[in-house]
Structure formats: C-alpha cells, structure tokens
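Computed from the coordinates by the stated procedures, all read-outs in this text should not be read as laboratory data. Remember, predicted model here, so these are calculated numbers, not experimental data. Neighbour counts run over all protein chains shown; Cβ positions are idealised from the backbone, glycine included.
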Amino acid sequence: MKQTTNTILMIRPVQFRMNEQTAVNNYYQQKIEGLTPENANQKAQEEFDGFVERLRSVGVNVIVVDDTKDSDTPDSIFPNNWISFHENAEVVLYPMFAENRRPERREEILNIVEEQGFTINEINDYTSAEEDNIFLEGTGSMILDREYGKVYAALSPRADEELIIEFCEDHDMYPVIFEAYQTVEGKRLPIYHTNVMMSVAETFAILCADSIDDKQERKMVIKHLEEDGKEVILITEEQVSRFAGNMLQVAGKDGQLYMVMSTQAFESLTDDQINAIEKHCSILHAPLYTIEACGGGSARCMLAEVFLPNA
C-alpha cells in the first residue's frame, strides 16, 4: 500500500462562510469583523484557486469539482470528511456531525472521478450511523497510515470509538486510539479532528504530543510511529492553533514528494522543524487565511486523496 498519491479531489466552494453548526465544537473557527458571507465566499474561492494552481504547478493531478447551489453546504471545501478513496477500488462514505454537511455527499462527484479514469468497484457506506448520532468524519477523524496498516484517531464527538474499530476491522488495519485536547478559555476540551494535531507521511510524522494529556497514550502513539521507522517531528499547541498539524504529503511529477500546508502553518514553524521536514521532502504552502478563520480547517482538510486504481 502506498502512503502518498499524485491525485487529489478538491471541491470549489459556492457558498462558503462560517458554519454555525460546526462552530459548537470546532474552536478554530473565528468571526472576522466586517466580513459578509459573499465576501467570505469570494475570498475563499480566490484562496482555493491559488492553492489548486500551486499544486498543479508541481505536477499534482487535481480533480476540481464545483459545489452546487442546490443545497446550503458552507463547508463543502473540506471533502476529506465525507469520503475516502482506496487502492482496492473502494470508496468509503462517512457519517457527519453537522446536518448541513451531509448534502456534501453527492453521487455525481463519484461519477466525475470515474470519468477522470479511475475505477470504483465498491461503496462502503457508514452514513446510517447518523440516525444514532454516531459520527466518524473520514480522514479528518482518522489519520490513515496505509503503508503500515494503522489508523491514528483522537476520540471526539466526531470520532466514535466503536465506528473507528469497525472501520479498522473492515479494512484490516490496527486502531491506535487516544484522546487529544486543546485549551479553550482555560478548559481542556477534545480536539474536533485528529488531523489538526498530527499528520503521517512516508518516512516521518508531525505530532503535537502536548495535546495528548495522558502520558501512557502519548508514549503509545510515539512508539507506533517510531516502530514503523518514522521520524517524529513535534509541534506545539500554539502551532496547532495556526494549523501546523493540518498537513498532507502528496506526490508531484516524477514521484517528487511535497509536504502541503498553509502559509500560516509554514510561518509558525521553526527553522529546525522546517529543516527536519525538508530532510524528507519539499514543502509547498499557500495562503488560506479566510478558509482557516471561517472554516476552522486548513490545507489537509481541503484534499481528498484518490488512491483508486486506473480504469
């Protein structure tokens, strides 16, 4: 199994704004004074287009699908929460916490991916869990180490333990489950998505160990990463708040690897951290300030990796 892919699905927003339904437990969302929903969407589109251009400039194959105005989906720019694509020609659909995110799951998006020359043989659909208020938001909730067959997941209202285990059983993967926190107004509260505090690349991992309050769990997560030969590059909670954990490694032309992140994340890194990453691969970053502030997600959340076989 490969850990990186050259093909990414991205959804271009048409009504991006701060989603009031996700703000209840996504503490990274912020109100920007004087920013109207129309302005927010226009700025998000500009950031989106610039990001796509940067990825394509290094040879990443980006499939861009426009969101539709048929339903009110302010977070459609973050497709990695509702879908994942796998090397065995399988697509997985996930149960989403916010009701206004569920219409993001559009069948025509699968058709477009197939039209781009990929094979889909099976759809594994966990979305009925929504009826029981059980959620698992894709590769936001779970960091997949496809090569070593492990799933790293921090429990939260958007990452149900039993469903994580069911996913692991269905995909023959080993669950590495823990709790991760952030400080909000002096309280330690669960981080809403694992992918804001860690990222697993081919030969290294980015990790905010400080957010794992239980020392045994912290040691366990680091042990799993290190026993698979990965260099663990630690980031701080302050860097997490600037989306330094929300990175993804992708393959450009000729298999050249890039660690993709936002400019805000890049600027939060120390020289030592940048050097540590660049020992393994190049860094690619783009400004995503409006998307980060209103959406509470960053570069990684915008990228749904396509591992499907070619038709």
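Details
- Count Lys and Arg as plus one, Asp and Glu as minus one, and take only other residues whose Cβ is under 15 Å from that of V232; the net charge is then -3.
- Virtual paramagnetic centre 7 Å along Cα→Cβ of N310, amide N under 14 Å, in the stretch 113-134: 116-119
- In plain terms, if you count all Cα to Cα distances in the stretch 7-306 and split them into 10 Å steps from zero, the share in each step is 6, 30, 39, 22, 3, 0 percent.
- Extension gain, Y289 to D72, is 75.9 nm, computed as 0.36 nm per intervening residue step minus the present C-alpha separation.
- Among Q45, Q264, Q216, the largest mean-square fluctuation in a Gaussian network model of the chain (Cα springs under 10 Å) belongs to Q216.
- Using a Förster distance of 41 Å, the FRET efficiency for N111-D228 (Cβ separation, nearest 0.05): 0.70
- For the stretch 252-311 versus the stretch 173-244, the gap between their alpha-carbon centres in whole angstrom: 17 Å
- Working from Cα pairs under 8 Å separated by at least six residues, relative contact order for the stretch 7-306 is 22 percent.
- With the convex hull drawn over the C-alpha atoms of the stretch 185-258, the volume per residue is 90 Å³.
- Sites T183 and L257, calculated FRET efficiency, Cβ-Cβ separation with R0 30 Å, nearest 0.05: 0.35
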